[in-house]
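Written out below as structure tokens is the structure these notes cover.
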Ligand SMILES: [Zn+2]
């Protein structure tokens with residue numbers, strides 16, 4: 001693996017492929033990026049060419065991942081990442097807390 005992708009050293013962790021699948025399901029990727037993302041799900045990031053990696057990072061990782069929860073600053077697990085980029089950068093816990101406050 002090696003740490004070429006920065007904080008995404010845990011590429012093979014459970015949840016990463018599911019996260020990518022969620023991104024795909026969102027249908028907001030360009031065709032080329034979609035193909036690259038499918039390739040990552042199928043064969044892993046290491047199967048990408050340098051150019052594909054660049055696109056994958058720029059159009060997927062940089063867009064759909066955050067460094068930590070904007071409220072509690074905890075790292076956000078892959079299983080919560082896609083939702084977090086959609087709800088303003090909150091981990092699951094903080095998102096539920098903020099929803100609760102809204103409805104009280
Ligand atoms: Zn949080």
So what's the back-of-envelope 222 nm ellipticity for the chain, counting only DSSP H runs of four-plus at -39500 (n - 2.57) apiece and dividing by all residues, rounded to 500? -14000 deg cm²/dmol
For helix 92-102, report the angle its Cα long axis makes with the longest principal axis of the Cα atoms of the chain; keep it between 0 and 90° and round to the nearest 10°. 40
So how many Å³ per residue does the convex hull of the Cα atoms of the chain work out to? 97
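Would you kindly state how much longer the chain becomes between residue 71 and residue 27 on full extension, computed as 0.36 nm times their sequence separation minus their alpha carbon distance, in nm to one decimal?
Details: separation 44, 0.36 × 44 = 15.84 nm, distance 2.79 nm.
Contour length minus Cα-Cα distance gives 13.1 nm.
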Computed over the chain, the relative contact order (Cα-Cα under 8 Å, seq sep at least six) in percent reads 24
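All of the numbers you see were taken from the coordinates with simple rules; none came from a lab. What you see is a predicted model, and the numbers here were worked out from it, not measured in a lab.
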